[in-house]
Amino acid sequence: MLIASAVAILVVMAMAIIRALLGPTIYDRILAVNLFGTKTVLLIAVIGFLFGRPDFLDIALVYALINFISIVGVLRYFEYSRNEEEGGSL
Amino acid sequence: MLAGMVTVLSSACLLLGAFLIISGAVGVLRFPDFFTRMHAAGVTETLATTLILLGLMLFAGWTIVSFKLLLILLFILITSPVASHALTKAALHGNLQPLVNENNEQ
């Protein structure tokens, strides 16, 4: 059962990469990377259970933290850089 | 009896979670517009994550491991809506118009 969910998560990560490559706008790509990141957290947790290593969950938690911060960081860059180009207000 | 029931329940949770993330990912691939894809991604990020982590918690039982899983679950449930909101706000700031009706292709 764990192997089935691990395979499902890997398939979903492949789909997220496909969406990241295809994505017409920047925000599709950021969405795909965000989806990929949260699925990586799940994959680390499931693989931690598969190999019988409970300490993988700390890695999964740290990865969730980093994923969230990076998404907000990238968004902050894209949101305001666009305004500078147009010179518009916030 | 109870142990058997718990493992069956955890397997069911894991399977349902796996099915949901695949259906969400298909939605992310196939939907026509960014905002609809955001909805599909939201399904996988909250409900499916809850089911899979719940399945793992049942699998682990009353240990520190399932407490860590609970922390991961709480963190993801709190931060993923915030990230989705920030992403949608940035998209709207970048004047990305949602696809209102099918025939006005941007």
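Where Rh denotes the Kirkwood radius from the mean inverse Cα pair distance, what is Rg over Rh for region B:2-93?
Answer for region B:2-93: 1.08.
Once the Cβ-Cβ distance between B:Leu47 and B:Leu92 is put in as r, and R0 is 25 Å, what FRET efficiency do you end up with, to the nearest 0.05?
With R0 = 25 Å, the Cβ-Cβ based efficiency is 0.50.
Note on B:Phe75 and A:Ile18: the model spin-label points, each 7 Å out from Cα along the C-beta direction, lie 3.1 nm apart. Partner shielding of B:80-91 amounts to 6, given as the average count of beta-carbon atoms from other chains within 10 Å of each residue beta-carbon.
Summed over the residues of chain B and divided among them, the accessible surface reaches 54 Å² per residue at a probe radius of 1.4 Å. Considering the protein assembly as shown, its Cα convex hull presents a mean projected area of 11.7 nm².
For the peptide B:44-57, the mean number of other protein chain Cβ atoms found within 10 angstrom of a residue's Cβ is 4. Convex hull volume of the Cα atoms of chain A, normalised per residue: 77 Å³. Here is the list for region A:7-58: chymotrypsin sites (Phe, Trp or Tyr not before Pro) lying in DSSP coil, each with at most 11 other C-beta atoms within 10 angstrom of its C-beta, are A:Phe51.
Helix A:26-50 and the longest principal axis of the C-alpha atoms of chain A enclose an angle of approximately 20°. Compared with the dominant Cα axis of chain A, that is its longest principal axis, helix A:56-86 is turned about 10°. Once Lys and Arg get +1 and Asp and Glu get -1 on their Cβ, which of A:Ile18, B:Thr49, A:Phe49 lies farthest toward the positive end of the dipole of the protein assembly as shown? The listed residue farthest towards the positive side: A:Phe49. Computed per residue of chain A from DSSP H runs no shorter than four, each worth -39500 (n - 2.57), the mean residue ellipticity at 222 nm is -30500 deg cm²/dmol. A straight chain from A:Ile69 to A:Arg29 at 0.36 nm per residue would run longer than the Cα-Cα distance by 12.8 nm. Roughly what angle does helix B:64-93 make with the longest principal axis of chain B, taking Cα atoms, 0 to 90 degrees, to the nearest 10? So the helix axis and the longest Cα principal axis differ by about 0 degrees.
Per residue of peptide A:34-40, the mean number of Cβ atoms on other chains within 10 Å of the residue Cβ is 6.
Spacing of the modelled spin labels on B:Ser23 and A:Tyr77, each 7 Å from Cα toward Cβ, amounts to 3.6 nm.
Across B:Leu92, B:Leu51, B:Leu20, mean-square fluctuation computed from a Gaussian network of chain B (C-alpha pairs under 10 Å connected) peaks at B:Leu92.
R0 = 22 Å: FRET efficiency of B:Ala12 with A:Arg53, Cβ-based, nearest 0.05?
Once the sixth-power term is evaluated, E becomes 0.35.
The values are calculated or read from the model by the stated rules, or taken from the named source; none is laboratory data. In this text the structure is predicted, and so the values were computed from the model without any measurement. Cβ atoms come from the backbone with ideal geometry, glycine included; neighbour counts cover every protein chain shown. Each accessible area value is taken on the protein alone, full model and side chains, heavy atoms only, with ligands, DNA and RNA left out. Shrake-Rupley method; radii C 1.70, N 1.55, O 1.52, S 1.80 Å.
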